1. Of all residues being on the phi > 0 side of the Ramachandran plot and at pLDDT below 90 in the range 3-51, which is least open to solvent (accessible area, probe 1.4 Å)? Just the residue, please.
2. May I ask you to list the residues in the range 31-55 that are part of a strand (DSSP E or B) and among the small types (Gly, Ala, Ser)?
3. So, Gly94, is that one at pLDDT below 85 and at positive phi or not?
4. Go through (1) open to solvent by less than 80 Å² (accessible area, probe 1.4 Å); (2) under 29 Å from Ile113 (Cβ atoms); (3) at pLDDT 75 or above one by one and return the number of the condition Gly67 breaks.
5. Which one of the conditions (1) closer than 30 Å to Arg127 by Cβ; (2) at pLDDT 75 or above does Ser77 fail to meet, given that it meets all the rest?
6. Filter the range 102-127 for residues that are aliphatic (A, V, I, L, M) and open to solvent by 20 Å² or more (accessible area, probe 1.4 Å) and give the result.
Amino acid sequence: EWGDLWRESVQGWVREADGTKVWRPIVTTTTSVSNWEIDTNLGMVTGESACALSADRLGTLLGSQSGAESLRRELASDRQIAQEAMVREAVARGAHAVIGVNLDYTPLGDCLIVTATGTAVTLRTAR
């Protein structure tokens with residue numbers, strides 16, 4: 001059953017619980033947005049998150065099913081943090097969408113850096 005979680009992921013014009021309409025930026029890996037034209041390119045935006053991941057800890061996590069699940073949850077959380085930071089930067093520039101989004105994972109010492117990168121754009125109705 002899908003439940004109500006889809007409401008949190010809806011993008012574009014969304015009606016909040018109090019009835020007000022708000023714009024949730026569209027975030028996509030593609031370089032275009034269906035039914036919209038790109039009006040202004042506002043430049044690259046990024047968001048990062050760091051995950052403490054020593055070799056010993058990684059071995060422990062991967063050594064059991066519960067550890068592997070814990071690692072998946074931690075990586076999912078770091079992806080979310082990176083994407084939210086990227087979207088905040090885009091919104092601060094006045095973006096309606098972030099296109100061409102890419103996620104990268106970079107080991108750095110005992111950390112894994114998760115980086116979300118995309119292009120902030122404004123949109124206009126397709127002609």
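The values are calculated or read from the model by the stated rules, or taken from the named source; none is laboratory data. From a predicted model like this one, the values you see are computed outputs, not experimental measurements. Note that each Cβ is placed from the backbone with ideal geometry, even for glycine, and that neighbours are counted across all protein chains shown. To get the accessible areas, we keep the full protein, side chains included, count just its heavy atoms, and leave off ligands, DNA and RNA. Shrake-Rupley method; radii C 1.70, N 1.55, O 1.52, S 1.80 Å.
1. Step one: of the range 3-51, the residues on the phi > 0 side of the Ramachandran plot are 3, 12, 19, 35, 43.
Checking the rest, the ones that are also at pLDDT below 90 come to 3, 12, 19, 35.
Numbers: Gly3: 41, Gly12: 6, Gly19: 33, Asn35: 129 Å².
If we take residues in the range 3-51 being on the phi > 0 side of the Ramachandran plot and at pLDDT below 90, then Gly12 is least open to solvent (accessible area, probe 1.4 Å).
2. So the first thing to find is which residues in the range 31-55 are part of a strand (DSSP E or B), and the list is 36-52.
Selection gives Gly43, Gly47, Ser49, Ala50, Ala52.
3. Numbers: at pLDDT below 85: no; at positive phi: yes.
Considered against the rule, which asks whether it is at pLDDT below 85 and at positive phi, Gly94 comes out as no.
4. Unmet condition: (3).
5. The failed condition is (1).
6. Selection gives Leu103, Leu108, Leu112, Ile113, Ala126.
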